[in-house]
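Shown next, in structure tokens, is the structure this report addresses.
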């Protein structure tokens, strides 16, 4: 039986596809100038990664409806401090964040939402804007990837990480094949590093550090270290037995 909730919208929609790539670029640039911010503890949004969200607070239900009615973009920023109910000052959020597009939205009968957000880019929050809305607004600029090394060395680092993830996939009792599929679907070294960071790195501070690293080579190196550590932990008990 289908859920009685109302399916709001799912991208890519035929009308927006017909509008063309140029229109989407314009919507994106407009969004950066006045971007709704959803600050969260322990959540970091990486480019190219999918992130499910459950929206229940009234202020963020309003944010969701406003975003769905416009450019569908929002930023998720990691909270750098806890919210203090004793003060009206909003809690500080990290200035390097992820911008994403709502690609699926499902509204429940009581007004809550289940969302899927696809990460689009790294951004730097330049300033927080005055807001008449119950949620926060920011102006941001995009942070572009930089190679951080020669093309040949970057290619080798990409191939090395893919091999390491292949060994990790062999060590995983369940989910190894899915991990292989995720890796094979990534076309560039930057995409590979970001998607693997989203899938494998649990610690929010390390996730934030990786988000704050525009150099692709450094991200590949850090992810390789993490994958080696994870594989060693999985192999450890079998070697000791």
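So the values come out like this:
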item: Residues of segment 91-104 satisfying the condition of being out of contact with any helix residue (DSSP H, G or I) (no Cβ under 7 Å at 6 or more places or on another chain) and surrounded by 15 or more Cβ atoms within 10 Å (Cβ to Cβ); result: 93, 95, 97, 99, 100, 101, 103, 104
item: Residue that is loosely packed, with under 15 Cβ neighbours inside 10 Å and at pLDDT 95 or above, where the choices are 153, 107; result: 153
item: Residue within segment 43-53 that is more than 29 Å from residue 187 (Cβ to Cβ) and surrounded by fewer than 21 Cβ atoms within 10 Å (Cβ to Cβ) present; result: no
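Okay, residues lined up against (1) in a loop (DSSP other than H, G, I, E, B); (2) modelled with pLDDT of 95 or more; (3) in contact with a strand residue (DSSP E or B) (Cβ under 7 Å, 6 or more places away or on another chain); (4) not assigned by TED's automatic domain parsing to the domain that holds residue 96:
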position: 169; (1), (2), (3), (4): no, no, no, yes
position: 179; (1), (2), (3), (4): no, no, no, yes
position: 193; (1), (2), (3), (4): no, yes, no, yes
position: 196; (1), (2), (3), (4): no, yes, no, yes
position: 208; (1), (2), (3), (4): no, yes, yes, yes
position: 220; (1), (2), (3), (4): no, yes, no, yes
position: 225; (1), (2), (3), (4): no, yes, no, yes
position: 231; (1), (2), (3), (4): no, no, no, yes
position: 234; (1), (2), (3), (4): no, no, no, yes
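Here's the yes/no breakdown for (1) assigned to a strand (DSSP E or B); (2) touching a strand residue (DSSP E or B) at 6+ places or on another chain (Cβ under 6 Å):
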{"residue": "63", "(1), (2)": "no, yes"}
{"residue": "71", "(1), (2)": "no, no"}
{"residue": "77", "(1), (2)": "yes, yes"}
{"residue": "83", "(1), (2)": "no, no"}
{"residue": "140", "(1), (2)": "yes, yes"}
{"residue": "148", "(1), (2)": "no, yes"}
{"residue": "152", "(1), (2)": "no, no"}
{"residue": "157", "(1), (2)": "no, no"}
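The values are calculated or read from the model by the stated rules, or taken from the named source; none is laboratory data. Being a predicted model, the structure only gives us computed values, none of them experimental. Here the Cβ is made from the backbone with ideal geometry for all residues, glycine too, and neighbour counts use every protein chain on show.
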